[in-house]
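Input: a single structure, listed below in structure tokens.
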Amino acid sequence: MRGLGRRPATLLVGHRRRLTDAALAVLVPVTACGLALAFLTTWVRTGEAGGPAHVSVTQGRLLLPSAGVPQTAAFFRIDNDGGSADRLLSISSPDVPGGVTLSRHRMTGGSAAYRETIDSVAVPEGTALAMSPDGVDLTLSATSARWRPGDLVPFTLDFRRGGRIEVFAVVVRPGTASFS
């Protein structure tokens, strides 16, 4: 019966140390997970987490080329009502054998303008990119084009997140299209 009495002090200290070590071993990862969950919850509630990009392309217009002019322009409205930004990477059309170039019009100090070829253009979340003659547009070869007003010309726009979107642009006479 002697063995069932009081435990020696060294056993109690060892037992407490094991309990403390076990509590710390559990407490550290539980605290880390709790902090991570609190951070993620705050991130989502403030809108920083966002959702996927949701891009739509409308209002396609292609300017009827003038006689003897080797290039013309096309314009689209690109809306991104998704929760994250996207980027227009490239444009192509089977009806434009000379190719399509994404460009931006810039003004010089002397009130002259020039066209600058750009590789891509951002479409931030919750905004629209309205292509226009004094901003971003598509420059395309018109040397072999036989378009008439009202013709529909197919285009494929490639976005980083939104993928490929196939749309049509209607051929219009210069001066008859609004760009807003």
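Only one of these is basic (Lys, Arg), surrounded by 12 or more Cβ atoms within 10 Å (Cβ to Cβ) and either over 21 Å from Ser56 (Cα atoms) or touching a Pro at 6+ places or on another chain (Cβ under 7 Å) (or both): Arg146, Arg104, Arg115. Name it.
Details: Arg146 fails: surrounded by 12 or more Cβ atoms within 10 Å (Cβ to Cβ); Arg104 fails: either over 21 Å from Ser56 (Cα atoms) or touching a Pro at 6+ places or on another chain (Cβ under 7 Å) (or both).
After ruling out the rest, the residue left standing is Arg115.
Can you list residue pairs whose Cβ atoms sit under 9 Å apart, with the first residue in the range 42-68 being surrounded by 13 or more Cβ atoms within 10 Å (Cβ to Cβ) and hydroxyl-bearing (Ser, Thr, Tyr) and the second being modelled with pLDDT under 90 and part of a loop (DSSP other than H, G, I, E, B)? Count only pairs 6 or more apart in sequence or on different chains.
Sorted first by the residue in the range 42-68, then by its partner, the pairs are Ser56/Asp81; Ser56/Gly162.
Where in the range 54-113 are there strands (runs of 3 or more DSSP E), lying fully within it, with 2 or more residues that are of a type in the set (Ser, Thr, Tyr)?
Values: elements: 55-63, 71-80, 86-92, 100-107.
In the range 54-113, 55-63, 86-92, 100-107 are the strands (runs of 3 or more DSSP E) which contain 2 or more residues that are of a type in the set (Ser, Thr, Tyr).
The values are calculated or read from the model by the stated rules, or taken from the named source; none is laboratory data. None of these values were measured; they are calculated from a predicted model. Methodologically, a virtual Cβ is constructed for each residue, glycine included, from the backbone with ideal geometry; neighbour enumeration extends over all protein chains shown.
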